[in-house]
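Enquirer: One structure, pasted below without further comment.
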Amino acid sequence: MHNRTIAELADAMARGECSSVELTESALAAIDSANDLNAFVTVTPESALAQARAADDARRRGEAGVLTGVPIAHKDIFCTTGVRTSCGSRMLDNFVPPYDAFVVEKLRRAGAVMVGKTNMDEFAMGSSNETSWYGPVRNPWSKDTVPGGSSGGSAAAVAAGLVPATTGTDTGGSIRQPAALTGISGLKPTYGRVSRYGMIAFASSLDQAGPMAATAEDLSIMLTAMAGFDRRDSTCADEPVTDYRAALGNHSLKGLRVGLPREYFNAEGMDAGVAMAVQQAIEALRAAGAEPREISLPNSGLAVPVYYVIAPAEASSNLSRFDGVRYGHRCAEPRDLEDLYKRSRGEGFGEEVKRRIMVGTYALSAGYYDAYYLKAQQVRRMIRDDFARAFEQVDVIAGPTAPSVAFAIGEKADDPVQMYLSDIFTIAVNLAGLPAVSIPAGQSDGLPVGMQLIGNHFDEARLLGAAHGFQQLTDWHKQRPSPEA
Ligand code: GLN
């Protein structure tokens, strides 16, 4: 089981070499022995084994699909009926949802077996998985370093081979940046491609769920199961869902026009080893017949400042629901209603979440709304227009996913601005609502480097096809951390 892909496990089960119960038992044992990574907040052995038995029965009846019986895990931001959903926060440490998120429901219907819920930055705010109430996640490549965030538990679980795939969410880079730092593949779909129903809201105009796995082929299997229209999310798009795996072969690298944004290659703070690895990856694309060309995304430098107005503004509004009244943390013996609100929120939220609520409340307050939120929305439009112009000339845009490899735990924890700059290459994609994938593309100092490929709206098939093409040429996606790291 260890380190095998969904595609390989599905074949093994189809040939009768192993059962879902065996795979699930082996995943549960691996999770147990990798406890030091802190990748999981909750493990659900009983329900997992029941689902595995049901999957084996379905296979005997001839009703198995590619995901039937495959063990997966969900980021602890997706609501799961009867299973605690903490969002990495003390605020929701006691929250047991009465319903499933759309993504959870879809993957269960596809036969996948949920083995547990993965650790994450509190309310998905962070780039290092250090803001979790449950403590930091460790990167299996080097246990003193961060796995990236906010989907750090999901990334570490795949990188360590505990499960072949996980779900994540990406508001400004939280699928792609941890995928890059742990040497796996991660896809942030087009805004609206996957329903946000039952996914705890951070910044609603940016949040999007997506898959994390070792290969682009596995991402395509997961996306096919996760995508689709859902009337319970009013921003979910009613676009047909392709069989993304079947479409992989339709998109060869030959003749693919690859845009290289000038601004991404001479960005400040860019690690030389990362830049070199990404240049080499682009040469591999060229050798396979792709046509790289320089482009410009002139407003790239504005993406981080714009995001840090819009995301906190939306977060401050979304998080107002956590008031200690209906669910979540409630302080002991409140004196009156105001005391209940103040102490419940004061105790329930961590420092980074409070910082965002304060910044966002300020940006939305009377007199400042026009100067900050409205202005940020206008610049957001300019960033989106930069991409629209680029996609008149190119099919995909390539560059580094993150400016550095995995950094040490604690290194940026006291410097929010340095932390925010981990997402300089990923944030603009969310502001523009575009799909993007991060794939392993090299190493620097023995740690993985990710390459980001950005596509046009709803062009996931081409994006995954290009990523798959690259993985046919290279074996960075097969590199795994050594167990002693
Ligand atoms: N690191 C960014 C932030 O802290 C993005 C997080 C995310 O994508 N959820 O907001």
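Enquirer: Taking every eigenvalue of the Cα gyration tensor of the stretch 356-468, multiplying by 5 and rooting it, what semi-axes result, largest first, whole Å?
Expert: Each semi-axis is the square root of five times an eigenvalue, giving 29, 24, 9 Å.
Enquirer: Rank the residues 422, 195 as a footprinting-exposure proxy: fewest other Cβ atoms within 10 Å of their Cβ go first.
Expert: Listed from fewest to most nearby Cβ atoms, that is 195, 422.
Enquirer: Out of 67, 89, 7, whose Cα points farthest toward the positive end of the dipole of the chain (charges: +1 Lys, Arg; -1 Asp, Glu; placed on Cβ)?
Expert: Farthest towards the positive end: 67.
Enquirer: Under a no-solvent Debye model with one identical scatterer per Cα of the stretch 403-485, what's log10 I(q)/I(0) at q = 0.13 Å⁻¹?
Expert: For the stretch 403-485 at q = 0.13 Å⁻¹, log10 I(q)/I(0) is -0.55.
Enquirer: Now, a different point. Over the residues of the chain, compute the C-alpha Rg and express it relative to 2.2 N^0.38 Å.
Expert: Computed over Cα atoms of the chain, the ratio equals 0.91.
Enquirer: For residue 317 and residue 81, compute 0.36 nm times the residue count separating them, minus their Cα-Cα distance, and round to one decimal in nm.
Expert: Residue separation times 0.36 nm, minus the Cα-Cα distance, leaves 82.4 nm.
Enquirer: How big is the antiparallel share of DSSP beta bridges in the stretch 1-130, given as a percent to the nearest 5?
Expert: Of all bridge pairs located within the stretch 1-130, approximately 45 percent are antiparallel.
Enquirer: Further, regarding this structure: Report Rg(Cα)/(2.2 N^0.38 Å) for the stretch 85-227, keeping two decimals. Could you put the intermediate results ahead of the total?
Expert: Details: Rg = 13.7 Å, N = 143, 2.2 N^0.38 = 14.5 Å.
Working it through for the stretch 85-227, the quotient is 0.94.
Enquirer: Report Rg/Rh for the stretch 1-147, rounded to two decimals, where Rg is the Cα radius of gyration and Rh the Kirkwood radius.
Expert: Looking at the stretch 1-147, the ratio lands at 0.99.
Enquirer: Okay, which of the stretch 383-413 sit inside 19 Å, backbone N to the point 7 Å along the Cα-Cβ direction of residue 279?
Expert: Only 398-405 pass the distance filter.
Enquirer: Here is a further query. Counting other C-beta atoms within 10 Å, which of 353, 405 has the fewest, and how do the rest follow?
Expert: With the sparsest Cβ surroundings first, the list reads 405, 353.
Enquirer: Expressed in nm to one decimal, what extension gain is obtained for the pair residue 375 and residue 294 from 0.36 nm per residue of sequence separation less their Cα-Cα distance?
Expert: Value of the extension gain: 26.2 nm.
Enquirer: Another question about this same structure. Counting only DSSP beta bridges with both residues in the chain, what percent are antiparallel, rounded to the nearest 5?
Expert: 70
Enquirer: Give me 11, 121, 423 sorted ascending by neighbouring Cβ count inside 10 Å, so fewest comes first. Please report the intermediate quantities before stating the final value.
Expert: Working: 11 13, 121 32, 423 28.
If I rank by nearby Cβ atoms, fewest first, I get 11, 423, 121.
Enquirer: Same structure, new question: Can you give the extra length, in nm with one decimal, that the chain gains between residue 204 and residue 18 once fully stretched, where that is 0.36 nm per residue apart less the Cα-Cα distance?
Expert: That pair, residue 204 and residue 18, stretches by 62.8 nm at full extension.
Enquirer: A further question follows. Can you compute the equivalent ellipsoid semi-axes for the stretch 222-334, i.e. the square root of 5 times each eigenvalue of the Cα gyration tensor, sorted largest first and rounded to whole Å? Before the final figure, lay out the partial values.
Expert: On the way: eigenvalues 318, 131, 39 Å².
Its equivalent ellipsoid spans semi-axes of 40, 26, 14 Å.
Enquirer: Here's something else I'd like to know. Taking only the alpha carbons of the stretch 157-250, what extent do you get along each of the three principal axes, in Å, biggest first?
Expert: 36, 33, 19
Enquirer: Among 78, 51, 35, which residue has its Cα positioned farthest towards the positive end of the charge dipole of the stretch 18-136, with +1 placed on the Cβ of Lys and Arg, -1 on the Cβ of Asp and Glu, and the dipole taken about the Cα centre?
Expert: Projecting each Cα onto the dipole axis, the largest value belongs to 51.
Enquirer: With Kirkwood's inverse mean 1/r over C-alpha pairs for Rh, give me the Rg to Rh ratio of the stretch 204-257, two decimals please.
Expert: 1.04
Enquirer: Dipole size in debye (nearest 20) for the chain around its Cα centre, Lys and Arg Cβ +1, Asp and Glu Cβ -1?
Expert: Computed about the Cα centre, the dipole is about 740 debye.
Enquirer: Between residue 479 and residue 94, what is the FRET efficiency for a Förster distance of 41 Å, r being their Cβ-Cβ separation, to the nearest 0.05?
Expert: 0.55
Enquirer: At a 10 angstrom cut-off on C-beta neighbours, averaged per residue, how do the peptides 155-164, 368-377 rank from highest to lowest?
Expert: Details: 155-164: 29.9, 368-377: 14.5.
In decreasing order of mean packing, 155-164, 368-377 become 155-164, 368-377.
Bear in mind these aren't lab numbers, they're just calculated from the coordinates by the rules spelled out. Quick caveat, the model's predicted, so the values are computed rather than measured. Using ideal geometry, Cβ is built from the backbone for each residue, glycine included, and neighbour counts are taken over all protein chains shown.
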